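The values are calculated or read from the model by the stated rules, or taken from the named source; none is laboratory data. In this text, all values refer to a predicted model and were calculated from it rather than measured experimentally. All Cβ positions, even for glycine, are placed from backbone atoms using ideal geometry, and neighbour counts span all protein chains on display. Areas reflect the complete protein model, heavy atoms only, side chains present, ligands, DNA and RNA absent. Shrake-Rupley method; radii C 1.70, N 1.55, O 1.52, S 1.80 Å.
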Amino acid sequence: MTRTPDPVASKPADKQQAEQRTAEPRPAEQLRADARQNHARLINAATVAFAEKGADAPLEDIAKRAGVGIGTLYRHFPTRLDLQAAVFRSQVGAVCGKGDELLQSASPDQAFTAWMRSLNAYLVTKRGLSRALIEAVGMESELISSCWMAMRETTERLLTNGQRAGAIRTDVTATDVMRLVHGVAVSSEKTPDRADALLMIVLDGLRTRRD
């Protein structure tokens, strides 16, 4: 009786093993991928929740938004402070990334103006979270100082770009700009519809005069 060759058995062992690795991810790799996805979902959900309900937004609500259990949230972020810090770092990274994109995609004056608006919008929406973190870890903590430095350095790059193009006054520093934008964010906290108008007044004072 003629036996039909087994297509799997007839393949070289090393080829079978390679196909199995490709078709069936190893459990450890899959676990790491799932963990990364859950981590990202939790940060995204917390970002929205903190913006809507403040830095004290219920953790159960954040877990539900992320589509995970509360136990998963605590495995990634053992305390509320851990989650707040992760959101803060993530958002600072995102806004600074936008600033670097502006350097490549807009004229020096337009890039600086757009950065001022982005920075102001960030400070307005994250003011409650920033306050909670400063109260918890202090202004001189690694978290606050490193994030502040990242925003200052991005401001420096866009400011220098504008100054070299002759669009922005040369007697202004990145720290000056940060303080001015922070002042607009604080002063317009109760009247957010006035924020952009105040920012345009500040920008008018920062631009070079062309008589």
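For region 158-172, check the following and say yes or no: at least one residue is open to solvent by 50 Å² or more (accessible area, probe 1.4 Å), more than 18 Å from residue 209 (Cβ to Cβ), out of contact with any strand residue (DSSP E or B) (no Cβ under 8 Å at 6 or more places or on another chain) and without any contact (Cβ under 8 Å) to a residue 40 or more places away in the chain. Among the residues of region 158-172, not one is open to solvent by 50 Å² or more (accessible area, probe 1.4 Å), more than 18 Å from residue 209 (Cβ to Cβ), out of contact with any strand residue (DSSP E or B) (no Cβ under 8 Å at 6 or more places or on another chain) and without any contact (Cβ under 8 Å) to a residue 40 or more places away in the chain, which makes the answer no. When 93, 128 are checked against the criterion of being open to solvent by 30 Å² or more (accessible area, probe 1.4 Å), in a helix (DSSP H, G or I) and touching a Gly at 6+ places or on another chain (Cβ under 8 Å), 128 stands alone in meeting it. Please verify whether region 53-60 includes one or more residues that are open to solvent by 60 Å² or more (accessible area, probe 1.4 Å), modelled with pLDDT under 95, outside any loop (DSSP other than H, G, I, E, B) and touching a helix residue (DSSP H, G or I) at 6+ places or on another chain (Cβ under 7 Å). Taking every residue of region 53-60 in turn, none turns out to be open to solvent by 60 Å² or more (accessible area, probe 1.4 Å), modelled with pLDDT under 95, outside any loop (DSSP other than H, G, I, E, B) and touching a helix residue (DSSP H, G or I) at 6+ places or on another chain (Cβ under 7 Å). Being open to solvent by 30 Å² or more (accessible area, probe 1.4 Å), modelled with pLDDT of 95 or more and over 21 Å from residue 46 (Cα atoms): is that true of residue 154 here? No; evaluated as a whole, the condition is false for this residue.
Just give me the residues in region 158-211 being among the charged types (D, E, K, R), assigned to a loop (DSSP other than H, G, I, E, B) and modelled with pLDDT of 90 or more, in sequence order.
Passing the criteria: 169, 171.
For region 131-145, the set of residues classified as open to solvent by less than 30 Å² (accessible area, probe 1.4 Å), more than 24 Å from residue 190 (Cα to Cα) and part of a helix (DSSP H, G or I) consists of 143, 144, listed by residue number.
Counting only residues that are surrounded by fewer than 20 Cβ atoms within 10 Å (Cβ to Cβ) and either in contact with a strand residue (DSSP E or B) (Cβ under 6 Å, 6 or more places away or on another chain) or part of a helix (DSSP H, G or I) (or both), region 96-110 holds 9 of them.
Restricting the first member to region 33-48 and to residues that are in a helix (DSSP H, G or I), and the second to residues that are open to solvent by 30 Å² or more (accessible area, probe 1.4 Å) and charged (D, E, K, R), the beta-carbon pairs closer than 6 Å and six or more apart or on different chains are 45/65.
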